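My structure is below; once you've seen it, I'll send some questions.
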Amino acid sequence: MNPGATVATVCSGFPGPGVGAAPWDSRSGFATVDQAMAARQAEDLAALSMLKAHQYPPLGFLDNEYQYAARTLAGLGAVIGALLDDLKPDRCLIPLGVAHPDHVATGQACRRALATRNGKGIEVIVYGDLPYRVHPDTAQSYNDALDHALTQQVPAEGFPMRADVEWATPSTDQPKRDATTRNHSQLLQLDEQAVEESMQLDAEMFWHLRTADK
């Protein structure tokens with residue numbers, strides 16, 4: 001991540017006092033979802049501080065466990081579109097969107113928002129979601145999603161992805177490790193081997209997203 005980058009967290013909403021924690025948050029040690037979200041917002045800020053990045057005001061959508069039925073793809077896309085219009089970025093990194101409903105919805109919404117703005121000079125780079133790429137339970141769904149994204153055109157979401165983006169490999173993985181460990185509550189239930197594989201510098205994968213004129 002480049003110093004000075006702006007990061008937007010989509011699933012960052014508080015459903016309200018007294019709402020009990022869903023299973024994932026409960027197993028992470030939280031009694032209510034508001035406790036979980038407060039802790040994770042603090043963790044996000046700590047991780048971004050390590051990387052000298054900035055937090056865009058949280059977009060406020062609830063996790064899939066709390067508001068799946070009320071969250072629409074059109075609604076997500078509209079909010080992400082407004083964010084793009086506000087920031088006017090030259091480059092935008094978005095998730096491939098695999099395995100987890102929150103990741104899938106975010107990836108789709110980002111592609112939809114960007115497909116309508118492909119004439120604004122935004123370089124769109126798709127990153128592979130970790131640890132889903134290396135986790136034994138989700139690696140196949142990741143590969144299937146990647147194959148689809150590289151070969152199929154979805155009119156509402158732009159065009160197939162292009163070849164891998166080649167960037168210089170950092171000399172050390174320590175900044176990545178330091179930032180990741182700040183998200184302590186999210187690491188508690190993840191497969192340790194998958195997390196460790198995700199820490200490797202060659203675990204990161206990126207592609208350009210095609211647009212109508214490229």
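The values are calculated or read from the model by the stated rules, or taken from the named source; none is laboratory data. This one's a predicted model, so the numbers in the text were calculated from it and none came from an experiment. Don't worry about glycine lacking a Cβ; one is built from the backbone with ideal geometry, like all the others, and counts go over all protein chains shown. Calculation scope for accessible area: heavy atoms of the full protein, side chains included, ligands and nucleic acids excluded. Shrake-Rupley method; radii C 1.70, N 1.55, O 1.52, S 1.80 Å.
Going from most exposed to least, what order do L201, L84 have by accessible area with a 1.4 Å probe?
On the way: L201 60, L84 10 Å².
Reading off the accessible areas and sorting them downward yields L201, L84.
Assuming a strict under-24 Å limit between Cα atoms, what lysine pair count do you get for the chain once near-sequence pairs (fewer than 8 apart, same chain) are dropped?
Numbers: K52/K88; K52/K176; K88/K120; K88/K214; K120/K214.
The result is 5.
Quick one: what are the phi-derived ³J(HN,Hα) couplings along segment 126-140, Karplus 6.51/-1.76/1.60 with θ = phi - 60°, whole Hz, x for glycine and proline?
With coefficients 6.51, -1.76 and 1.60, one gets 9, 10, x, 5, 10, x, 4, 5, 10, 6, x, 7, 10, 4, 5 Hz.
Another question, if that's okay. Counting only heavy atoms of protein chains, what accessible area per residue, in Å², does segment 1-117 have with a probe of 1.4 Å?
Numbers: 5700 Å² over 117 residues.
Per residue, segment 1-117 has an accessible area of 49 Å².
Any idea of the accessible area per residue across segment 174-214, 1.4 Å probe, to the nearest Å²? The partial results should precede the final answer.
On the way: 2420 Å² over 41 residues.
Each residue of segment 174-214 exposes 59 Å² on average to a 1.4 Å probe.
Further, regarding this structure: Taking every DSSP beta bridge that has both residues in the chain, what percent is antiparallel when rounded to the nearest 5?
On the way: 6 of 14 bridges.
Antiparallel: roughly 45 percent of the beta bridges in the chain.
Run the 1.4 Å probe and let me know the accessible area of E123, rounded to the nearest 10 Å².
50 Å²
Moving on. Just need the relative contact order of the chain here, percent rounded to a whole number, with Cα pairs under 8 Å and 6+ apart. The partial results should precede the final answer.
Details: 313 pairs, mean separation 47.2, N = 214.
Relative contact order, the chain: 22 percent.
Where in the chain lies the longest segment free of chymotrypsin sites (Phe, Trp or Tyr not before Pro) that are both loop residues by DSSP (not H, G, I, E, B) and have at most 15 other Cβ atoms within 10 Å? Don't skip to the answer; put the middle values down first.
Working: sites that count: Y68, W167.
The reported range is 69-166.
Which sequence of H184, H135 reflects their accessible areas, 1.4 Å probe, from the largest down? Spell out each step's value before the answer.
On the way: H184 110, H135 35 Å².
Greatest to least solvent exposure: H184, H135.
Taking H placed 1.01 Å from N in the peptide plane, check which residues at least 5 places from V7 or on another chain put their amide H under 5 Å from its amide H.
H54, Q55, Y56
A follow-up question, please. Once phi is turned into θ = phi - 60°, what whole-Hz ³J(HN,Hα) does the Karplus curve with 6.51, -1.76 and 1.60 give for every residue of segment 10-25, x standing for Gly and Pro?
Values, residue by residue: 6, 8, 9, x, 10, x, x, x, x, 6, x, 5, 5, x, 4, 5 Hz.
Leaving out ligands, DNA and RNA, what percent of the accessible area of the chain is carbon and sulfur, probe 1.4 Å?
On the way: 6110 of 11450 Å².
Percent of accessible area from carbon and sulfur atoms in the chain: 53.
Report the local net charge at M205: Lys and Arg +1, Asp and Glu -1, summed over other residues whose C-beta lies under 12 Å from its C-beta.
Working: positive: R133; negative: D129, D164, E166, D202, E204.
Value of the local net charge: -4.
Could you order L150, L73 so the one with the most accessible surface comes first? Probe is 1.4 Å. Don't jump to the answer; show the numbers that get you there.
Working: L150 70, L73 45 Å².
Most to least solvent-accessible, the answer reads L150, L73.
Counting alpha carbon pairs within less than 8 Å and at least 6 residues apart, what relative contact order, in whole percent, applies to segment 1-61? Each step should come with its number before you reach the end.
Values: 81 pairs, mean separation 33.9, N = 61.
Taking the mean separation of contacting Cα pairs over the length of segment 1-61, I get 56 percent.
Using a ≥ b ≥ c from the Cα gyration tensor of segment 1-87 (square roots of the eigenvalues), is it rounded, prolate or oblate, where a/c under 1.5 gives rounded and otherwise the larger of a/b and b/c decides, a/b for prolate? All intermediate terms of the calculation are to be shown ahead of the outcome.
Working: a/c = 2.79, a/b = 1.26, b/c = 2.22.
Since a/c reaches 1.5 but b/c is at least a/b, the shape of segment 1-87 is classed as oblate.
Taking the Cα centre as origin and putting +1 on Lys and Arg beta-carbons and -1 on Asp and Glu beta-carbons, what dipole magnitude results for the chain, to the nearest 20 debye? Don't skip to the answer; put the middle values down first.
On the way: 17 positive and 27 negative charges, 150 e Å.
Computed about the Cα centre, the dipole is about 720 debye.
If we count every other residue with Cβ under 14 angstrom of D25's Cβ, Lys/Arg +1 and Asp/Glu -1, where does the sum land?
Details: positive: R27, R40; negative: D34, E43, D63, E65, D102.
It works out to a net charge of -3.
Further question: Can you give me the P(r) profile for segment 79-214? Cα pairs, bins 5 angstrom wide beginning at 0, each as a whole percent.
With a bin width of 5 Å, the distribution comes to 2, 9, 18, 21, 19, 16, 11, 4, 0.
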